[in-house]
Amino acid sequence: MKITKVETIRVDEFFHVLWVRIHTDNGLIGLGETWYLPRAVSSVIHEMYAPMLIGKDPMDREALWSAMFGNVEGFGYAGAELRALSAVDTALWDLAGQAVKRPIYDMLGGRCRDRVKIYNTVGSYGEIQDNEFEQRDPVGFLQNLLDDGITIVKAYYMGPYAAASGGNFISRKDIREALAPLAKQRKALGDQIEIAHDGGGQWQLAPAMTITQAMDEYDILWQEEMIRPINVETHLKLAEVTKAPICAAERLITKWHFREFIERGAAEIVMPDLIWTGGITETKKIAALAETYQTPVAPHDWTGPVNVFACAHISMSCPNVMVQETNRAYYRGWYDRFVEPNITIKDGFLFAPEGPGLGTRLKKSVLDRSDVHVETTTEAREWNWPGFIDPGQKTPHWYSPEVPAKGAKRGVPPAPARKSP
């Protein structure tokens, strides 16, 4: 099995999402996804990764991951480069599962469970306007989740208050005002529902400590990204004064970013985002690293439909997965317009996908949309830091004045084959 084409797909309506499809000579197509700045990610894929993949065997996932990462880590990798790599890696796993006719979780060591408990992050889309519902009736909103079988929620009580001071200060009066809905929820529902809190990385350490201590009386499930995960020491200081566990963090990229947070205990709950941190390959390793420190994992998801499937395979196969994030406004509101089948969520649980690979496919109708943008790469080239090397050539064109690439000037690396309808 050899890779013959790499394709990126985005639509204007959902301008954050990018899908990757990897085609092979035996007709199989692997699907991947990432989120944020899709044009930048697509450029990375077609300028660097896709030419490297053409002609390769998609079963060689570790070697391909290492080769792609090796070509970006020298000039800063924790952005579009890793989101691109994450999407490609997921598509390669999808291909591998299809090739052996097994779900991805079987290839990750088999199932530890056949379903995983979910929590709902507050979001809105179409007829499901949970943000407005929560603001209008905070108790009624949580009761509605309970009626839906969902017993864990994540909320953003302090979010609107950070902008006033740039996250540098908050008064006790503002804290009481911000937490008034939480106080009502706990008074009415008690411990019927678990409530996690996300600070969005908006606060400096001192106000974050004040906020988390004020929230402790409400038995918060975890405090997530009250401060940016850029300093292990500040996370440890926050953990020292906060009763709730510190959850970190979707912003950490690869096992190398996660390593110190896990080893030092600064991430008491580990939250990798699979489609940003390195795909299925890297997330499995992060979960294994967390397991050695007896640390639970709660995969992050507030993005597109493919990520939920990919996270489901991690959640089924890793013994230390605690809970899986979902957004009912998304999986009920728009996912099934793009993939078939949709993910199965019932009574507060995400169920193991069925079928080979990811267990879902991009609908054919997506390519017929008037707002779709498709780019493809079919030509093989090998990238290194000096530039591209054509198959069979030992010296990069960039360093070879006698043999410049077709259409390229000396000293400028040639562009890979890229097509857009």
Please list, short to long, the whole-number percent of alpha-carbon pairs of the range 194-278 in consecutive 10 angstrom bins beginning at zero.
20, 55, 23, 2
For T303, T292, ascending order of other Cβ atoms within 10 Å (fewest first) is T292, T303
Once you have the Cα-Cα distance between K2 and E260, take 0.36 nm times their residue separation minus that, and quote the gain in nm to one decimal.
89.1 nm
Pulled fully out, how much extra length does the chain show between L367 and R111, if you take 0.36 nm times their separation in residues and subtract their Cα-Cα distance?
88.8 nm
Among bridges DSSP assigns within the range 105-355, what percent are antiparallel (round to 5)?
30 percent
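If you wrap the chain's Cα atoms in a convex hull and average its projection over all directions, what's the area in nm²? Mind dumping the intermediate values first?
Values: hull surface 85.2 nm².
Result: 21.3 nm².
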How much length is gained if the chain between N144 and R337 is pulled fully straight, taking 0.36 nm per residue apart and subtracting their Cα-Cα distance, in nm to one decimal?
67.0 nm
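Calculate for the chain the 222 nm mean residue ellipticity that helices alone would give, adding -39,500 (n - 2.57) per DSSP H run of length 4 or more and normalising by residue count, nearest 500 deg cm²/dmol. Please list the in-between numbers first.
Details: 16 runs with 153 residues, N = 421.
So the calculated ellipticity at 222 nm is -10500 deg cm²/dmol.
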As a percent rounded to 5, the proportion of antiparallel DSSP bridges among beta bridges in the chain is 65 percent
Efficiency of FRET between E194 and S171 - r from beta-carbon atoms, R0 22 angstrom, step 0.05
0.20
The chain: relative contact order as a whole-number percent, Cα under 8 Å and 6+ apart
21 percent
Amide N proximity, the range 141-170 versus D219 label position 7 Å along Cα-to-Cβ, cut-off under 20 Å
141-157
Taking chymotrypsin sites (Phe, Trp or Tyr not before Pro) that fall in a DSSP loop and have at most 15 other Cβ atoms within 10 Å as cut points, what is the longest piece of the chain between them?
16-168
Highest GNM mean-square fluctuation, the chain, Cα pairs closer than 10 Å: which of E282, E225, E132?
E132
Please work out the Kirkwood hydrodynamic radius for the range 308-358, using every pair of different C-alpha atoms, and report it in angstroms with one decimal place.
11.7 Å
From fewest to most C-beta neighbours within 10 Å, the residues V372, V339, V100 line up as V100, V372, V339
With label points set 7 Å from each Cα along the Cα-to-Cβ direction at Q294 and K346, the distance between them in nm comes to 3.7 nm
With a Förster radius of 25 Å, plug the Cβ-Cβ distance of A183 and N131 into 1/(1 + (r/R0)^6) and report the FRET value to the nearest 0.05.
0.80
I'd like to know which of G357, M322, G333 lies farthest towards the positive end of the charge dipole of the chain, counting +1 on Cβ of Lys and Arg and -1 on Cβ of Asp and Glu.
G357
About its Cα centre, the range 206-285 carries a charge dipole, from +1 on Lys and Arg Cβ atoms and -1 on Asp and Glu Cβ atoms, whose size in debye to the nearest 20 is 360 debye
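Treating only the Cβ of Lys, Arg, Asp and Glu as charged (+1, +1, -1, -1), what charge dipole size does the chain show about its Cα centre? Round to the nearest 20 debye. Intermediate results must be reported in sequence, preceding the final value.
On the way: 46 positive and 54 negative charges, 155 e Å.
The calculation lands at about 740 debye.
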Compute the FRET efficiency between M59 and V232 as 1/(1 + (r/R0)^6), taking r as their Cβ-Cβ distance and R0 = 41 Å, and round to the nearest 0.05.
0.65
Positive dipole terminus of the range 200-316, leading residue within P272, I253, T303 (C-beta point charges)
I253
Quick check: convex hull over the Cα atoms of the range 105-355, volume per residue in Å³, rounded to an integer?
120 Å³
antiparallel share of DSSP beta bridges within the range 93-248, to nearest 5, in %, is 15 percent
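Laboratory data are not the source of any read-out in this text; all were calculated from the coordinates shown. These figures come from a predicted structure and were not determined experimentally. Note: ideal-geometry Cβ built from the backbone for every residue, glycine included; neighbour counts use all protein chains shown.
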